[in-house]
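All of the numbers you see were taken from the coordinates with simple rules; none came from a lab. Just so it is clear, the structure is predicted and the values come from calculations on it, not from any experiment. Positions of Cβ are generated from backbone atoms using ideal geometry, with glycine treated the same way; all protein chains shown enter the neighbour counts.
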Amino acid sequence: MQFLIITGLSGAGKTRAADVLEDMDYYCVDNMPAALMPKLAEFCMGLGGRYEKVALVTDIRDAGGVDAIFDALRKLDELGLDYKILFVEADLRTLIRRYKETRRPHPLQAEAGSLEAAVGMESERMRRLRQRADYILDSSSRTLGQLQREIYRLLGADSSDRSLTVHMLSFGFKYGIPMESDLVLDVRFLPNPFYEAELRDATGLDPAVRDYALRRDAGQEFLDRVTGLLEFLIPQYVEEGKYTLTVAVGCTGGRHRSVAVAQELAARLTDKGCRTEVLHRDIGR
């Protein structure tokens with residue numbers, strides 16, 4: 001079992017690190033009381049591999065402070081558990097800026113008297129735990145994508161697992177643009193099969209409808225240009241830490257043209273090695 005303890009300075013990004021680990025199939029528990037860590041570890045160890053990767057977040061907010069965390073680590077040692085510690089930190093200027101932006105009080109601010117003094121007090125109290133850590137992660141000035149890459153590097157994980165999934169979603173403008181859309185493509189310029197009696201009751205999944213909607217050079221050029229655009233954009237989104245991209249393709253009713261285009265774009269991206277999923281929201285209306 002891979003057992004990881006995430007700790008560090010308040011405001012440094014422990015929860016964000018846990019979110020990344022969750023996407024790496026870790027079972028994550030945020031704000032874990034130190035006294036419960038050995039009990040949870042023992043429980044997971046007794047389940048025979050049901051929980052292969054576990055990550056717990058704990059910090060200075062624990063009622064027992066740093067001493068409680070060290071007491072929990074001692075009990076984990078007694079259990080014979082091979083655990084690792086990830087310590088997340090950031091520089092003073094970054095931590096102060098983040099607290100000013102969120103307008104939340106630092107957990108030690110009432111005791112220290114000022115935000116700057118609270119950050120310094122916490123850094124001093126957490127020094128021993130930092131020295132004990134297996135991994136040090138400085139989140140200062142890191143984007144989410146950079147944070148992800150660093151966590152993958154520290155844990156020796158395969159960064160190819162970060163590949164993005166493109167959700168190709170067809171819809172009808174008459175029923176509204178899908179709220180989850182990242183990109184919206186309007187294909188109402190294509191020939192409309194609705195006005196052909198023999199195609200009206202069919203859908204964009206029918207080869208005859210697809211051929212009718214995409215038969216012109218403009219349709220093929222549109223597919224080529226959009227495919228090229230997505231090939232350019234996908235690595236950029238991955239770089240920024242995005243795991244999914246929803247491309248909404250709309251026509252008037254969401255039954256003919258948008259369905260055909262969504263299917264064709266998904267097929268082209270799949271052929272180029274992209275992970276794709278297709279949903280036709282309004283095809284049955």
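Observations
- Taken along its three principal axes, the alpha carbon spread of the chain comes to 77, 46, 30 Å, from the longest extent down to the shortest.
- Only DSSP H runs of four or more residues enter the estimate; each adds -39500 (n - 2.57), and after division by the residues of the chain the mean residue ellipticity at 222 nm equals -13000 deg cm²/dmol.
- Computed 3J(HN,Hα) for the range 58-73, one whole-Hz value per residue from the Karplus formula 6.51 cos²θ - 1.76 cosθ + 1.60 where θ = phi - 60°, is 9, 7, 5, 5, 4, 4, x, x, 5, 4, 5, 5, 5, 5, 5, 5, glycine and proline marked x.
- The Cβ shell under 10 Å around Pro38 holds other residues with a net charge of -1, Lys and Arg each +1, Asp and Glu each -1.
- Ascending count of other beta-carbon atoms within 10 Å, so fewest first, for Cys274, Cys28: Cys274, Cys28
- Relative contact order for the range 163-280: 53 percent, from Cα pairs under 8 Å spaced at least 6 residues apart, divided by residue count.
- Taking label positions 7 Å along the Cα-Cβ direction at both Ala267 and Asp211, the computed distance is 1.2 nm, reported to one decimal.
- The lysines whose alpha-carbon is closer than 27 Å to the alpha-carbon of Lys272, local same-chain residues fewer than 8 away aside, are Lys242.
- Other residues within the sphere of radius under 13 Å centred on the Cβ of Phe171, judged by their own Cβ, net out at +3 (K and R +1, D and E -1).
- Each other residue within a Cβ distance under 13 Å of Ser258 adds +1 if Lys or Arg and -1 if Asp or Glu, for a net charge of +4.
- Pairwise Lys count, the range 2-161 - Cα closer than 21 Å, eight or more residues apart or different chains: 9
- 19 Å tail of the calculated P(r), the range 135-285, as % of Cα pairs: 56 percent
- 0 to 90° range, to nearest 10: angle between helix 217-239 axis and the chain longest Cα axis: 0 degrees
- Taking only the Cα atoms of the range 2-161, the radius of gyration and Dmax are 15.6, 48 Å.
- Placing +1 on the Cβ of every Lys and Arg and -1 on the Cβ of every Asp and Glu, with nothing else charged, gives the range 192-283 a dipole about its Cα centre of roughly 120 debye.
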